[in-house]
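J.: Once you've had a glance at the structure underneath, I'll fire off some questions.
The values are calculated or read from the model by the stated rules, or taken from the named source; none is laboratory data. Please read all numbers here as calculations on a predicted model, not as lab measurements. Because the Cβ atoms are built from the backbone with ideal geometry, glycine has one as well, and the counts that use them run over all protein chains shown. Side chains included, ligands, DNA and RNA excluded: accessible areas come from the protein's heavy atoms. Shrake-Rupley method; radii C 1.70, N 1.55, O 1.52, S 1.80 Å.
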Amino acid sequence: MAEPFDAVDIIRVKRDKGVLSPEQIDWTIDAYTRGAIADEQMAALNMAILLNGMNRTEIARWTAAMIASGERMDFSSLRRPDGGLKYTSDKHSTGGVGDKITLPLAPLVAVFGVAVPQLSGRGLGHTGGTLDKLESIPGWRASLSSEEMLAQLQDVGAVICAAGAGLAPADRKLYALRDVTGTVEAIPLIASSIMSKKIAEGTGSLVLDVKVGSGAFMKDEARARELAETMVALGKDAGVNTVALLTNMDTPLGLTAGNAIEVEESLEVLAGGGPDDVVELTVRLAEEMLACAGVSDADPAAALKDGRAMDIWNRMIEAQGGDPRAKLPVARESEVVYAPADGVLVELDALAVGVAAWRLGAGRARKEDAVQAGAGVRMHAKPGALVRAGEPLMTLLTDTPERFARAKEALEHAVVIAPEGSRPAQRLIIDRIA
């Protein structure tokens, strides 16, 4: 059968800063998914989009075409105790260092009767993956069938699992190509990649945590804001109640960057303690998710303090085969990094810490690589703390001590210590976009 369009003509439209028609976009995504457009042709189109952009109509249609390449989930069967429709709300983070927020957040929101269908991914490079963290819990499994996911949402109220292969399959193929052709940074392609999966997932509302700073994918606030605004518009155009927070990723979240040690810290938060920044962001995102789902009288901070969120966590982990009481893996080797001077710690570079954790074995360079459950970086001070020369600043953890040297290289310029009385200028939550 003859194709209605030619790939070279499509490339020329974007090369010359033109606008693709809805029919051209639909054909492009379908043809690439079934192999009628070659990788080198799609790579050229991706580069043209990176350089020349897309308008809102084009991005929305591109996203819709990616959704149409696969299945859509349906949560309309979920019911509240009174028989009414159970609202669903999800969160997506663009990724960072020490970002374990999903772990306490999903059960926290579920406390208030809102179902949380959290489809998560694995880490790559210096950014951690939620599934890698949870897989450090003995017995826990990431892969669930659609039926298992629905049953857990109805019974427990929260699920964190891997996305099925049938969800936006065009995105998987496109992302792999972008990863090796230098076009990952194209905002229209980032936005459509994230939102095609989230819209296909079927959630009724969505809160986006768009990170900005050294440890984030987006280093520049203006570009992070553009990405957030683009994704919020895509969600609203698709009928999903969507808001975004711009949050700071110049400094790691919490005091841990790794897998098992981040689970450990999440449990501290669920027990009513934990680092202030992790608690602050967890509570704020919970408030946003609940508001999007129409729940206005909730007190998430109280639900962390009184153990209700921990109860949901235990049930959620058990439902996926995990043992919430089991001991978490511990790295066999450790090495301490000491403060080089007296003063106030004013900077702790998130990217450097993330790269160190990755080199210690907590992350992977390729999707096929294994990770060490116990590896990572445990931080003993955050910006604002008074430190003394020779005091422990970080502890490096790994099963393979030959990794320490390269991890320490990554941390050579990670900290800035200023005279006493100095104050770091940082905001955790930069802005809200709705």
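J.: Need the failing condition index for HIS380 against (1) surrounded by fewer than 23 Cβ atoms within 10 Å (Cβ to Cβ); (2) at pLDDT below 95; (3) not aliphatic (A, V, I, L, M), just the number.
T.: Among (1) surrounded by fewer than 23 Cβ atoms within 10 Å (Cβ to Cβ); (2) at pLDDT below 95; (3) not aliphatic (A, V, I, L, M), HIS380 violates only (2).
J.: Mind listing whichever residues of segment 275-295 are surrounded by 21 or more Cβ atoms within 10 Å (Cβ to Cβ) and of a type in the set (Gly, Ala, Ser)?
T.: Of everything in segment 275-295, those that are surrounded by 21 or more Cβ atoms within 10 Å (Cβ to Cβ) and of a type in the set (Gly, Ala, Ser) turn out to be ALA286, ALA293.
J.: When you scan segment 114-122, do you find a residue that is within 19 Å of VAL295 (Cβ to Cβ), out of contact with any Pro (no Cβ under 6 Å at 6 or more places or on another chain) and assigned to a loop (DSSP other than H, G, I, E, B), even just one?
T.: There is at least one residue in segment 114-122 that is within 19 Å of VAL295 (Cβ to Cβ), out of contact with any Pro (no Cβ under 6 Å at 6 or more places or on another chain) and assigned to a loop (DSSP other than H, G, I, E, B).
J.: From the set of residues in segment 179-192 that are in contact with a helix residue (DSSP H, G or I) (Cβ under 7 Å, 6 or more places away or on another chain), open to solvent by 10 Å² or more (accessible area, probe 1.4 Å) and not aliphatic (A, V, I, L, M), which is nearest to PRO252 (Cα to Cα)?
T.: My answer is GLU185.
J.: For segment 292-308, what are the residues that are in contact (Cβ under 8 Å) with a residue 40 or more places away in the chain and under 23 Å from GLY84 (Cβ atoms)?
T.: Selection gives CYS292, ALA293, GLY294, VAL295, ALA298, PRO300, ALA303, ARG308.
J.: Filter segment 249-260 down to residues that are open to solvent by less than 10 Å² (accessible area, probe 1.4 Å) and either polar (S, T, N, Q) or assigned to a helix (DSSP H, G or I) (or both) and give me whichever is nearest to ALA301 (Cα to Cα).
T.: Taking the candidates together, the pick is THR256.
J.: If you don't mind, another one. Those residues that are open to solvent by 20 Å² or more (accessible area, probe 1.4 Å) and under 19 Å from the mean Cα position of the chain (by Cα), I need them from segment 137-150; list them, please.
T.: Within segment 137-150, ARG141, SER143 qualify.
J.: Here is a list of conditions, (1) under 23 Å from ARG80 (Cβ atoms); (2) crowded, with 16+ Cβ neighbours inside 10 Å; (3) without any contact (Cβ under 8 Å) to a residue 40 or more places away in the chain, and GLY272 meets all of them except one; can you say which number that is?
T.: All conditions pass for GLY272, except number (1).
J.: Right, something else. Identify the single condition in (1) within 23 Å of the chain's Cα centre (by Cα); (2) in contact (Cβ under 8 Å) with a residue 24 or more places away in the chain; (3) over 24 Å from GLY96 (Cβ atoms) that LEU328 does not satisfy, given that it satisfies every other one.
T.: Among (1) within 23 Å of the chain's Cα centre (by Cα); (2) in contact (Cβ under 8 Å) with a residue 24 or more places away in the chain; (3) over 24 Å from GLY96 (Cβ atoms), LEU328 violates only (3).
J.: Which residue out of LEU153, LEU105, LEU134 is under 21 Å from GLY84 (Cα atoms) and either surrounded by 24 or more Cβ atoms within 10 Å (Cβ to Cβ) or touching a strand residue (DSSP E or B) at 6+ places or on another chain (Cβ under 7 Å) (or both)?
T.: None of the other options fit; the residue is LEU153.
J.: Could you list all residues from segment 157-202 that are assigned to a helix (DSSP H, G or I), aliphatic (A, V, I, L, M) and within 30 Å of LEU290 (Cβ to Cβ)?
T.: ILE187, ILE190, ALA191, ILE194, MET195, ILE199, ALA200, listed by residue number.
J.: For segment 20-81, give me every one of the helices (runs of 4 or more DSSP H) that falls completely inside it and has 1 or more residues that are more than 21 Å from VAL180 (Cα to Cα).
T.: Per the criteria, 22-33, 56-68.
For (1) modelled with pLDDT of 95 or more; (2) open to solvent by 70 Å² or more (accessible area, probe 1.4 Å), each residue gets a yes or a no:
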| residue | (1), (2) |
| --- | --- |
| ARG388 | yes, yes |
| GLU391 | yes, yes |
| LEU397 | yes, no |
| GLU402 | yes, yes |
| LEU411 | yes, no |
| VAL415 | yes, no |
| PRO424 | no, no |
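J.: Please go through segment 204-228 and pick out each residue that is over 16 Å from the mean Cα position of the chain (by Cα), open to solvent by less than 10 Å² (accessible area, probe 1.4 Å) and among the aliphatic types (A, V, I, L, M).
T.: none
J.: Within segment 375-384, is even one residue over 30 Å from PRO419 (Cβ atoms) and in contact with a strand residue (DSSP E or B) (Cβ under 9 Å, 6 or more places away or on another chain)?
T.: Checked against the condition, which is being over 30 Å from PRO419 (Cβ atoms) and in contact with a strand residue (DSSP E or B) (Cβ under 9 Å, 6 or more places away or on another chain), segment 375-384 yields at least one hit.
J.: Now for a separate question. Return only the number of the condition from (1) part of a helix (DSSP H, G or I); (2) small (Gly, Ala, Ser); (3) crowded, with 18+ Cβ neighbours inside 10 Å that ALA298 does not satisfy.
T.: Looking at each condition in turn, ALA298 falls short on (1).
J.: So, of the residues in segment 354-368 that are open to solvent by 40 Å² or more (accessible area, probe 1.4 Å) and either assigned to a loop (DSSP other than H, G, I, E, B) or out of contact with any His (no Cβ under 6 Å at 6 or more places or on another chain) (or both), which turns out to be farthest from ALA257 (Cα to Cα)?
T.: Within segment 354-368, the match that is farthest from ALA257 (Cα to Cα) is GLU368.
J.: While we're looking at this one, here's another question. Hey, among THR57, THR127, which residue is among the hydroxyl-bearing types (Ser, Thr, Tyr), touching a helix residue (DSSP H, G or I) at 6+ places or on another chain (Cβ under 9 Å) and closer than 30 Å to LEU411 by Cα?
T.: Exactly one of THR57, THR127 is among the hydroxyl-bearing types (Ser, Thr, Tyr), touching a helix residue (DSSP H, G or I) at 6+ places or on another chain (Cβ under 9 Å) and closer than 30 Å to LEU411 by Cα, namely THR127.
J.: Next question, about the same structure. Are there any pairs, at least 6 apart or on different chains, whose C-beta atoms fall under 9 Å, with the first in segment 41-60 and farther than 25 Å from LYS236 by Cβ and the second among the small types (Gly, Ala, Ser) and assigned to a helix (DSSP H, G or I), and if so, which?
T.: What qualifies is GLN41/ALA7; MET42/ALA7; ALA44/ALA7; LEU45/ALA7.
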